[in-house]
1. Consider region 139-162. How many of its residues are closer than 15 Å to THR59 by Cα, of a type in the set (Asp, Glu) and assigned to a strand (DSSP E or B)?
2. Which condition from (1) at positive phi; (2) under 21 Å from the mean Cα position of the chain (by Cα) is the one that MET57 breaks?
3. Cβ-Cβ below 8 Å, separation at least six or inter-chain, first residue in region 154-166 and farther than 15 Å from ALA88 by Cα, second at pLDDT below 95 and in a loop (DSSP other than H, G, I, E, B): which pairs?
4. Here are some conditions: (1) more than 28 Å from PRO149 (Cβ to Cβ); (2) not assigned by TED's automatic domain parsing to the domain that holds GLY144. LYS30 meets all but one. Which one does it not meet?
5. Within region 84-95, is even one residue loosely packed, with under 15 Cβ neighbours inside 10 Å, touching a helix residue (DSSP H, G or I) at 6+ places or on another chain (Cβ under 9 Å) and closer than 30 Å to PRO140 by Cβ?
6. Taking into account only those residues within region 163-176 that are in a loop (DSSP other than H, G, I, E, B) and touching a Pro at 6+ places or on another chain (Cβ under 9 Å), which is surrounded by the most Cβ atoms within 10 Å (Cβ to Cβ)?
7. Which ones in region 106-116 are surrounded by 18 or more Cβ atoms within 10 Å (Cβ to Cβ) and over 12 Å from ILE67 (Cα atoms)?
Amino acid sequence: MENNSRRGFMGKAFGAVAAVGAIGSLVAMKKSWDPLPSVKAAGFTTLDMSIYEEGVMITEKWRGKPIFVLKKSAEIVAEEAKDPDAKARNIKIGEDNFMVAIGLCTHLGCIPAFRKDKNDFLCACHGGQFAASGLVKKVPPPRGFDIPPFKIEGNMLVLGEKGPEWTKMKETGVTL
């Protein structure tokens, strides 16, 4: 009778150790599948739009891509008011108007340079030109700059989050 109780205890003890080991292994596997904190943090970039100067193009970074941010002058806004496609790409935050776009040429992925004197972008690789709105002025680029997902929160622009303004741009074909 003593052998049966000892055998039962050993079986239960072995089962408990095996269960704890299995749970520990599952926890370790789940942690290895979860994205690293640095990867999660790279998914969103918050920009304080009140710090940008009018007519000065700044390149920010989001998910390893260059993001062009241009606070538009009244002259650029007046010029774009004549073109519904350019007007649809405008991002208004407070009283200010911005062009925010992924700074890669849609032709071959080069990084175009901003020409302040002409208020446009020139891709030196194949001569493509983009207006201050991000639309194509001169081919070969097949379409304007892509606009990253964004959400407006007061004076802040959160890149990587899909807000109603960006969703409308996507639904109307302004961006991919």
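The values are calculated or read from the model by the stated rules, or taken from the named source; none is laboratory data. Just so we're clear, the structure is a prediction, and the values are computed from it rather than from any experiment. Positions of Cβ are backbone-derived with ideal geometry, glycine not excepted, and every protein chain shown enters the neighbour counts.
1. Of the residues in that region, 0 qualify.
2. Just one mismatch for MET57, condition (1).
3. What qualifies is ASN155/GLY94; VAL158/PHE44; LEU159/PHE44; GLY160/GLY43; GLY160/PHE44; GLY160/ARG63; GLU161/PHE44.
4. (1)
5. Yes: one or more hits.
6. THR175
7. Within region 106-116, THR106, HIS107, PHE114 qualify.
Listed here are the residues, each with its yes/no results for (1) in contact with an Asp or Glu (Cβ under 8 Å, 6 or more places away or on another chain); (2) touching a residue at least 60 places away in the same chain (Cβ under 8 Å).
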site: ALA86; (1), (2): yes, no
site: ASN90; (1), (2): yes, no
site: VAL100; (1), (2): no, no
site: LEU108; (1), (2): no, no
site: ASP120; (1), (2): no, no
site: LYS138; (1), (2): no, no
site: PRO142; (1), (2): no, no
site: PRO148; (1), (2): no, yes
